Amino acid sequence: MNNQIRNRLYATIIIILAVIILFLSIISVILSDDKMFVAPPTTVIFVVIGIALIVAGIIKLMYTKNRCSYKVRATCIDLGEHKSYDSESDSYTIQYYPIYEFNYNYENLKVTSSFSSSRNVYVGEQVELLINPRKPKEFIYADGQKSVHKTLITAGMLFIIIGIMYNIVY
């Protein structure tokens, strides 16, 4: 699936969820026994947090997409490793950080992903990155994987849905 189709699909899902959220909020007002509807504090808190997360996700999306606009093909040349010890379970957790290499303006650059990966990323794997032409070591994944903005927007929608469902149930 190419990126344009994936982005349109994602936008369509967001719109459908927004309509569902609006529908649920209207139903909750209709089903309330009070003449003057006042949402419980829990609902307000969840909805405000949800709206804040969605706004933060949209701002992050616009900020990153405007800066990281040049597409390059990068190769995973190594996997950085970070071990953390959990004293409760007396075990270590290992997180891997792909280190990518690519050419930009006749210069060979290496960048380390800020996202750890529990999946099997292998040395030699090629990915497309969108880099910031002014700061080529700043990048996002071109295919949209591991995008913080999608996580923020999705979490925001979940908070709003939970807040509205709380209002309907209680």
**Item:** Residue in the stretch 69-78 that is modelled with the lowest pLDDT, counting only those that are over 13 Å from Lys110 (Cβ atoms) and of a type outside the set (Phe, Trp, Tyr)
**Value:** Ser69
**Asked** Quick one: is Ile99 in contact with a Lys or Arg (Cβ under 8 Å, 6 or more places away or on another chain), surrounded by 15 or more Cβ atoms within 10 Å (Cβ to Cβ) and at pLDDT 80 or above?
**Response** yes
**Request:** Could you list all residues from the stretch 116-161 that are modelled with pLDDT under 80, open to solvent by 40 Å² or more (accessible area, probe 1.4 Å) and either more than 18 Å from the chain's Cα centre (by Cα) or more than 18 Å from Met62 (Cα to Cα) (or both)?
**Result:** Ser116, Ser118, Arg119, Asn120
**Prompt:** Which residue out of Glu101, Glu88 is touching a residue at least 24 places away in the same chain (Cβ under 8 Å) and of a type in the set (D, E, K, R)?
**Reply:** Glu101
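The values are calculated or read from the model by the stated rules, or taken from the named source; none is laboratory data. Nothing here was measured: the structure is a model prediction, and the numbers come from that model. As a convention, Cβ positions derive from the backbone with ideal geometry for all residues, glycine included, and neighbour counts pool all protein chains shown. Remember, those area values only see protein heavy atoms, side chains included, never the ligands or the DNA or RNA. Shrake-Rupley method; radii C 1.70, N 1.55, O 1.52, S 1.80 Å.
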